[in-house]
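Just below is one structure, and these are the notes that go with it.
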């Protein structure tokens, strides 16, 4: 028996059964073709992590619309034409005994018109402090179309044969922008108090659940603390997490930050290991569904301790799995 026995205990998120508690979080590779298609470079990269023994892979954030493309080489799942290349990746991972969840996203204001080919959009006409380009405020009708795009993207994810879908509601992208008073200053039904700011995220979750059915795992990723003045804090996220659980989320992937969070956005090596796991612990204490923690967790020793002490149910190890795809099998 491995000394990391907690970390190597099997687990379930709905119908998704995993061999251990190590998750590869979504990390953009910049490998996609101009049309947003997955290619052989993606497959080779993700196969290394599948062979390395990770519990499940989260495929990098994948755009529901070109309008929300974060960068020119972002993968897309905007149309049914995107299904076949992703299916090829999913089947390759499955052949190695791996599991894979696909994350879907819309960048909102956290991009530029040079990436999207048109005006960028957001809850309010407030620029991202890093990107600085002023977005156009979305109309109610446009919000409805984007909600539908998330639902259709989730349907396509299921048709690839993937093991689940993750809705990106973190890191300052569009759904996070709606959730946060830092970026949402609307005065209609999609802005103002916390319940109204949650409305779009909950509509997206319901649209996704309608398309994929009750048995398909749906995970929501949140920035529990945005580390900016006027942004989301843990107490806000706990209420958001409870609302997502009530609306049918199967698990919560708890991260932190937005583009403007500076130091904490990509914690450097001299940041304390596990600097964000207290956020997952705070959410876990308030919900009954599984909680995944992240950032930066470099060693199986810390990962095992987090699971053993029930501070989170699963542990995302991002840069650690870039550095060593075989980290899980070596720890085992």
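Quick look at the numbers
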{"quantity": "Subset tally (residues that are touching a strand residue (DSSP E or B) at 6+ places or on another chain (Cβ under 9 Å) and either modelled with pLDDT under 95 or under 21 Å from residue 220 (Cα atoms) (or both)) for region 308-332", "calculated": "8"}
{"quantity": "Residue within region 55-64 that is buried (at least 18 other Cβ atoms within 10 Å of the Cβ), more than 17 Å from the chain's Cα centre (by Cα) and in contact (Cβ under 8 Å) with a residue 24 or more places away in the chain present", "calculated": "no"}
{"quantity": "Close pairs from region 245-269: first at pLDDT below 95, partner in a helix (DSSP H, G or I), Cβ under 8 Å, at least 6 apart", "calculated": "265/259"}
{"quantity": "Yes/no for residue 293 being in contact with a helix residue (DSSP H, G or I) (Cβ under 8 Å, 6 or more places away or on another chain), farther than 22 Å from residue 97 by Cβ, surrounded by 18 or more Cβ atoms within 10 Å (Cβ to Cβ) and in contact (Cβ under 8 Å) with a residue 40 or more places away in the chain", "calculated": "no"}
{"quantity": "Candidates 68, 55, 63 - the one that is in contact with a strand residue (DSSP E or B) (Cβ under 6 Å, 6 or more places away or on another chain) and closer than 28 Å to residue 130 by Cβ", "calculated": "63"}
{"quantity": "Single residue of region 1-18 satisfying the filter (more than 21 Å from the chain's Cα centre (by Cα) and within 23 Å of residue 295 (Cα to Cα)) that is surrounded by the most Cβ atoms within 10 Å (Cβ to Cβ)", "calculated": "7"}
{"quantity": "The one condition in (1) under 21 Å from the mean Cα position of the chain (by Cα); (2) more than 16 Å from residue 322 (Cβ to Cβ) that residue 29 fails to fulfil", "calculated": "(2)"}
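Residues are listed down the side, and each one gets a yes or a no for (1) surrounded by fewer than 21 Cβ atoms within 10 Å (Cβ to Cβ); (2) outside any loop (DSSP other than H, G, I, E, B):
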{"residue": "274", "(1), (2)": "no, no"}
{"residue": "281", "(1), (2)": "yes, yes"}
{"residue": "289", "(1), (2)": "yes, no"}
{"residue": "297", "(1), (2)": "no, no"}
{"residue": "302", "(1), (2)": "yes, yes"}
{"residue": "310", "(1), (2)": "yes, no"}
{"residue": "330", "(1), (2)": "yes, yes"}
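The values are calculated or read from the model by the stated rules, or taken from the named source; none is laboratory data. Given the structure is predicted, the values throughout are model-derived calculations rather than measurements. Note that we place each Cβ from the backbone using ideal geometry, even for glycine, and neighbour counts take in every protein chain shown.
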